[in-house]
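As structure tokens, the structure follows; a few thoughts come after it.
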């Protein structure tokens with residue numbers, strides 16, 4: 001009986017041992033089943049490349065040259081010899097003022113010249129005779145000096161009368177009012193029979209040269225200083241000989257076919273707005289542009305030789321206004337990186353510091369990972385907009 005009790009106890013012990021072992025294996029399997037695999041994230045590998053940076057500005061068109069036509073002599077308008085709104089060339093006759101008074105002035109001036117020349121001839125002959133008499137000691141020195149002075153005075157009178165004749169001829173020429181420049185002429189303020197006066201305030205008409213034209217755009221001084229700083233640091237290169245290229249968009253949203261070039265920036269800052277004016281010259285062979293038209297300009301600021309773009313989806317803003325990205329290291333671990341960004345280029349940010357070419361940033365799955373986590377990265381396709389902007 002005692003043997004049966006011992007055998008039964010040994011069996012129960014072995015059974016308990018087996019059960020404990022089974023429970024231990026099952027617990028290990030459950031523990032292994034609960035371990036999470038590395039999170040799958042999409043990453044973009046950053047690559048530096050030459051970037052053509054642009055900025056969007058607004059402005060209005062202005063004529064290359066403007067000439068307001070005014071009379072330089074007084075008189076009655078006899079004829080108007082142009083069609084309003086037509087194209088004229090420099091030297092074309094626009095108005096004819098009654099020339100009768102000025103023709104008479106020219107005739108009178110010519111008569112005065114002839115009179116002065118006759119007086120000069122008489123005075124010259126008299127001075128020559130007195131010189132011979134002085135050598136023969138037949139007259140006094142004073143008499144000769146008086147005759148010689150009279151001759152020189154006659155010569156001066158000739159020059160004065162010739163100048164008066166020239167002035168009369170100029171005034172006669174001013175009765176023909178001609179176009180000072182080539183361009184598009186506006187409406188006429190007077191008609192035939194109107195009395196005009198020399199140097200009057202009101203212009204008779206105006207001429208505007210419309211090909212090429214100016215487009216005056218405005219830029220903030222902050223942006224201007226930023227550009228100058230980047231150029232000085234060598235981060236941005238500009239072609240100073242050809243000038244920055246500028247493309248335009250018209251008021252109806254269509255693109256203007258011709259490309260302009262930046263001529264200069266104003267030296268004065270508008271105190272009320274803090275803006276400076278940039279003047280762009282643009283061809284207008286089709287006469288599509290008119291003075292005062294609103295235009296959107298895309299100014300090529302320069303080229304960043306080693307520009308680095310990071311997708312906007314990879315950037316997280318901090319409460320203090322900073323920017324961070326999650327970078328995947330070579331061993332597929334996540335690290336938090338503070339970055340400095342400057343501007344938007346397409347769907348990406350331009351990186352100033354904090355990232356280098358070749359690093360991988362997470363663009364999808366940010367909410368699933370934290371710094372230090374192990375991840376399973378897969379390369380995402382860069383946004384077409386970012387690529388296009390980078391290649392502009």
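Points to keep in mind about this one:
- Scanning the range 257-271 for residues that are closer than 18 Å to residue 55 by Cα and either over 15 Å from the mean Cα position of the chain (by Cα) or assigned to a strand (DSSP E or B) (or both) yields 260, 261, 262, 263, 264, 265.
Listed here are the residues, each with its yes/no results for (1) under 30 Å from residue 282 (Cβ atoms); (2) assigned to a helix (DSSP H, G or I); (3) over 35 Å from the mean Cα position of the chain (by Cα).
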residue: 138; (1), (2), (3): no, no, yes
residue: 150; (1), (2), (3): no, yes, yes
residue: 155; (1), (2), (3): no, yes, yes
residue: 163; (1), (2), (3): no, yes, yes
residue: 168; (1), (2), (3): no, yes, yes
residue: 187; (1), (2), (3): yes, no, no
residue: 202; (1), (2), (3): no, no, no
residue: 215; (1), (2), (3): yes, no, no
residue: 222; (1), (2), (3): yes, yes, no
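- For residue 85, the criteria (1) surrounded by fewer than 13 Cβ atoms within 10 Å (Cβ to Cβ); (2) touching a residue at least 60 places away in the same chain (Cβ under 8 Å); (3) outside the structural domain of residue 181 (by TED's automatic domain parsing) hold in every case but one, which is (3).
- Residues in the range 372-381 that are over 11 Å from residue 328 (Cβ atoms) and either modelled with pLDDT of 85 or more or surrounded by 12 or more Cβ atoms within 10 Å (Cβ to Cβ) (or both): 372, 380.
- Lone qualifier among 71, 38, 50 - being at pLDDT 50 or above and either under 30 Å from residue 259 (Cα atoms) or in contact with a helix residue (DSSP H, G or I) (Cβ under 6 Å, 6 or more places away or on another chain) (or both): 50
- Counting only strands (runs of 3 or more DSSP E) that sit completely within the range 272-333, those holding 3 or more residues that are closer than 21 Å to residue 256 by Cα correspond to 275-282, 294-307.
- Scanning the range 173-185 for residues that are buried (at least 16 other Cβ atoms within 10 Å of the Cβ) and part of a helix (DSSP H, G or I) yields one hit, 174.
- Flag if residue 120 is surrounded by 18 or more Cβ atoms within 10 Å (Cβ to Cβ) and at pLDDT below 95: yes
Conditions tested, residue by residue: (1) surrounded by 15 or more Cβ atoms within 10 Å (Cβ to Cβ); (2) modelled with pLDDT of 85 or more.
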position: 239; (1), (2): no, no
position: 248; (1), (2): yes, yes
position: 251; (1), (2): no, yes
position: 264; (1), (2): no, no
position: 276; (1), (2): yes, yes
position: 282; (1), (2): yes, yes
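- Pick from the range 329-345, criterion under 42 Å from the mean Cα position of the chain (by Cα) and closer than 19 Å to residue 41 by Cβ, ranking: surrounded by the most Cβ atoms within 10 Å (Cβ to Cβ): 339
- Of the candidates 310, 345, 269, the single residue that is in contact (Cβ under 8 Å) with a residue 60 or more places away in the chain and in contact with a helix residue (DSSP H, G or I) (Cβ under 6 Å, 6 or more places away or on another chain) is 345.
- Criterion: at pLDDT 50 or above, touching a helix residue (DSSP H, G or I) at 6+ places or on another chain (Cβ under 8 Å) and surrounded by 10 or more Cβ atoms within 10 Å (Cβ to Cβ) - qualifying residue of 45, 55: 55
The values are calculated or read from the model by the stated rules, or taken from the named source; none is laboratory data. Remember, it's a predicted structure, so these values are computed and weren't measured experimentally. Glycine also receives a Cβ, built like all others from the backbone with ideal geometry; neighbour counts cover every protein chain displayed.
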